[in-house]
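Bear in mind that the values in this text are calculations on the coordinates, not laboratory data. Note that the structure is a prediction, hence the values are computed from the model and not measured. Methodologically, a virtual Cβ is constructed for each residue, glycine included, from the backbone with ideal geometry; neighbour enumeration extends over all protein chains shown.
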Amino acid sequence: MFGSVPYVWFCSLCLVLLLASLRLQESVMLQFCGNKLDKKDFFGKSDPFLVFYRSNEDGSYTISHKTEVVKNTLDPVWQAFKIPVRALCNGDYDRSIKVEVYDWDRDGGHDFIGEFSTSYREMSRGQSQFHIYEVLNPKKKGKKKKKKYQNSGTVTLLSCLVDSELSFLDYIKGGTQINFTVAIDFTASNGNPSQPTSLHYMSPYQLNAYTLALRAVGEIIQDYDSDKMFPALGFGAKLPPDGRVSHEFALNGNPQNPYCSGIEGVMEAYYQSLKSVRLYGPTHFSPVINHVARYASAVTDGSQYFILLIISDGVITDMAQTKESIVNAASLPMSIIIVGVGPAEFDEMIELDGDEERISSQGRLAERDIVQFVPFRDYVDRRGNHILSMARLAKEVLAEIPDQFLSYMRTRGIKPGTSPPPYTPATHPLLARRVSRI
């Protein structure tokens, strides 16, 4: 199923689609003026304003912008305004943009003056004769009169300035390296691995919840990691030979070199750990967060960014410490993805996501939102065996990473490199001496 060529191809397709959605984000500054617009007010002139519409695939229109009202004039000059190109045309430079001209009325029954159409490509060519638009009223145009109707005035594009904003991909192309670390929950709440009801049960016929989540998410994220050598950690287990409880142990059994080669290597190390450790508890997130944060704190110049994937089944028992760790990590080049597996409610994980309320600890607010929580059950069938929507899962998992990444770079004034630096293998917090020399 997951090791097949179609799956690899599908993950690659997901990545291509995601990268395309993260391309350079453009905004445009536009300014218009009107000339000899129709007079609509009995005791005065008109109070004109413009309404811009984006055309949709089904032929409908969506309002994307309204200008301010300019009072008592037939020759208005509207203020310049900035708008994302996506809002105007959804990224299709040749898609029609409809503009309606109205006379403002206090009672809300604004009078229609006329309309015209353009496109982003046409506007972006610069000022020319093509940017004087006739404002036409279809009702007037259709009436037969002695004097032939020409138009209801004109609207002129005074300026069109494109503002290109730096994107996530600009930094990747400029040489920023993404380092990916995995942390897996080995607490007893997952159930006895020898029993089919366990989330860690190793069936010869299908992947368990952890490997399903790890492979689905990891196969997508690994394409951002330059060397695909991933530190893989576990937490909440008793380790051999003395039964010591650990909340940050290397899955491959080598704390001096916890790297695994690709997601396949992580999965193999996970399987070996299940055979050697004893599931215990409690569920502590803060040690693995601090683990990666120590590494991230050593490289704050924008050359590297760190993503920690935590896969867990339930209640977090060190919530206060985890919040403190997240608040501290929010000032570092670091993001955290939490994937919840199993039937739990995940209230604590939802709280850590910080979308509704910014995480705080001891009166300190997190500098930025760095946590993305995804309940894995939303993307699998009732038996938990197959992913229903890989594309939707990919989009959800990576939805906030680019903005989190950019918020760190922007607040520190870090610009993308002009060309990739010499290749530096991804390092790990346990190898801090190497990091200090980067």
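If the segment from ILE83 to TYR205 were pulled out straight at 0.36 nm per residue, it would be longer than the present Cα-Cα gap by 38.7 nm. Using the Stokes-Einstein relation with a Kirkwood hydrodynamic radius computed over Cα pairs, the translational diffusion coefficient of segment 61-116 at 4 °C and a viscosity of 1.567 mPa s comes to 98 µm²/s.
For the pair GLU264 and GLN362, the difference between a 0.36 nm per residue extended length and the Cα-Cα distance amounts to 31.2 nm. When the P(r) of segment 25-165 is calculated, the portion above 25 Å amounts to 27% of the C-alpha pairs.
About its Cα centre, the dipole of segment 25-165 is roughly 980 debye, where the only charges are +1 on Lys and Arg Cβ and -1 on Asp and Glu Cβ.
The protection proxy used here, the mean number of other Cβ atoms lying within 10 Å of each residue, ranks peptides 303-311, 200-208 as follows, highest first: 303-311, 200-208.
Annotation: peptides 352-365, 287-300, ranked by per-residue average of other Cβ atoms within 10 Å with the highest first, follow the order 287-300, 352-365.
Fewest neighbouring Cβ atoms within 10 Å first, the residues CYS260, CYS160 line up as CYS160, CYS260. Of the residues ILE97, PHE52, PHE116, the one whose Cα sits farthest towards the positive end of the charge dipole of segment 25-165 is PHE116 (charges of +1 on Lys and Arg Cβ, -1 on Asp and Glu Cβ, taken about the Cα centre).
The slack in the chain from LYS36 to ASP107, taken as 0.36 nm per residue of separation less the alpha-carbon distance, amounts to 23.1 nm.
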